[in-house]
Amino acid sequence: MPSPEMEQTAASHTHRYRPPEDGERLRALLEGKALCPLAAVCQGDEVEARLAPCPSGEPLRFLSPDAEETIRALSEAIRFLPKVTWKTSHTEMLLNGLRDGRWHGMALEQQKTANLVSYLDYCLREELNEVEIGFCMTHPDHRGRGLVSRLLASLLLLHFHRDFRVSTHESNLPMSRALARFGFTVVEERPRDRINGETTLYLTRKAGTGFPLEA
Ligand SMILES: CC(C)(COP(=O)(O)OP(=O)(O)OC[C@H]1O[C@@H](n2cnc3c(N)ncnc32)[C@H](O)[C@@H]1OP(=O)(O)O)[C@@H](O)C(=O)NCCC(=O)NCCS
């Protein structure tokens, strides 16, 4: 029998929760599983999220500091377009952020190899009721399969009651498309912010914004 908060269908189920109080329960539901959030909508102080099993089966991991070597392996396979202010490599910046505890990593793990195939990190700013998304990356061999979208959707569900901010560069179409799908809009543009003179876009998303991931 489905619990009252779960309505099962053949391929997906609906999970209702209150983001602040039920955060740990939702995290436990997602952690180690291959569940893809398909859609979410706010109904009063509850969120109704539709989740489906991911056919490709990569479990979601919330990363602890001892995952450093697997994060490094993925990060070193990725090319970022650095901002002019970056003083170290993106891998060192990313690992420093995780080591000092301000940033938190989430990733999808390939079952066969236990390698990370997609990763994002984020920083919680409690005083602003805001989440900042930092690095997002998918291994070049696994792009275009919806992996970073799945990570973004999972993070949004966990912090549905908070505003979000993120930046990307103007010509990064995959990232811009993923962000637009989740209701992020550009609030600032900083020209010549990248080593090649590229414009950086700053985007935000209001707390409680619903999303369809499957459309
Ligand atoms: C940006 C990046 C993380 C996307 O990861 P991904 O797992 O391939 O992304 P997804 O498969 O979830 O696709 C996201 C969106 O991009 C689209 N997309 C994927 N590959 C694309 C491509 N080559 N060209 C245009 N759009 C593309 C997808 O269709 C999807 O859009 P949709 O939701 O409208 O269909 C990945 O390309 C990457 O690691 N790039 C290098 C690092 C980087 O630039 N990170 C972002 C910095 S903020």
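Return the residue satisfying two criteria in turn: it lies in the range 7-34 and is in a strand (DSSP E or B) and out of contact with any Ser or Thr (no Cβ under 8 Å at 6 or more places or on another chain), and of such residues it is surrounded by the most Cβ atoms within 10 Å (Cβ to Cβ).
Residue satisfying both the conditions and the ranking: 15.
Filtering the range 108-164 down to residues that are assigned to a strand (DSSP E or B) and aromatic (Phe, Trp, Tyr), which residue is farthest from residue 66 (Cα to Cα)?
Looking at residues that are assigned to a strand (DSSP E or B) and aromatic (Phe, Trp, Tyr), I get 164.
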| Qualifying positions in the range 35-68 - touching a strand residue (DSSP E or B) at 6+ places or on another chain (Cβ under 9 Å) and in a helix (DSSP H, G or I) | 67
| Subset of the range 109-151 [within 18 Å of residue 78 (Cβ to Cβ) and more than 9 Å from the ligand (Cβ to nearest atom)] | 109, 110, 113, 115, 116, 121, 122, 141
| said: Exactly one condition in (1) under 14 Å from the mean Cα position of the chain (by Cα); (2) in a loop (DSSP other than H, G, I, E, B); (3) free of Cβ contacts under 8 Å to residues at least 60 places away in the same chain is false for residue 197; which is it? | reply: (1)
| For residues in the range 172-203 being of a type in the set (D, E, K, R) and near the ligand (Cβ under 9 Å from one of its atoms), which is farthest from residue 152 (Cα to Cα)? | 177
| request: Being among the charged types (D, E, K, R) and touching a strand residue (DSSP E or B) at 6+ places or on another chain (Cβ under 6 Å) narrows it down to one of 92, 130, 126, so name that one. | output: 130
| task | Kindly establish whether residue 146 is under 29 Å from residue 24 (Cα atoms), surrounded by fewer than 21 Cβ atoms within 10 Å (Cβ to Cβ) and out of contact with any strand residue (DSSP E or B) (no Cβ under 7 Å at 6 or more places or on another chain). | result | yes
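For every residue, the table says whether it meets (1) out of contact with any Cys (no Cβ under 6 Å at 6 or more places or on another chain); (2) of a type in the set (A, V, I, L, M); (3) without any contact (Cβ under 8 Å) to a residue 12 or more places away in the chain.
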| residue | (1), (2), (3) |
| --- | --- |
| 132 | no, no, no |
| 135 | yes, no, no |
| 162 | yes, no, no |
| 168 | yes, no, no |
| 203 | yes, yes, no |
| field | Among (1) farther than 28 Å from residue 199 by Cβ; (2) free of Cβ contacts under 8 Å to residues at least 40 places away in the same chain; (3) surrounded by 15 or more Cβ atoms within 10 Å (Cβ to Cβ), the one test that residue 117 misses | value | (2)
| Selection from the range 170-194 of residues that are assigned to a loop (DSSP other than H, G, I, E, B), on the phi < 0 side of the Ramachandran plot and touching a residue at least 12 places away in the same chain (Cβ under 8 Å) | 170, 171, 172, 182, 184, 193
| note | For the range 204-214, the count of residues that are within 9 Å of the ligand (Cβ to nearest atom) and surrounded by fewer than 19 Cβ atoms within 10 Å (Cβ to Cβ) equals 0
| query | Does the range 36-52 contain any residue that is buried (at least 18 other Cβ atoms within 10 Å of the Cβ), under 17 Å from residue 154 (Cβ atoms) and basic (Lys, Arg)? | reply | yes
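Every read-out reported here was derived from the displayed coordinates using simple, explicitly stated rules and does not represent laboratory data. Bear in mind the structure is a predicted one, so any value in this text is a computation, not a measurement. Ideal geometry is used to build each Cβ from the backbone, glycine not excepted, and the neighbour counts take in all protein chains shown.
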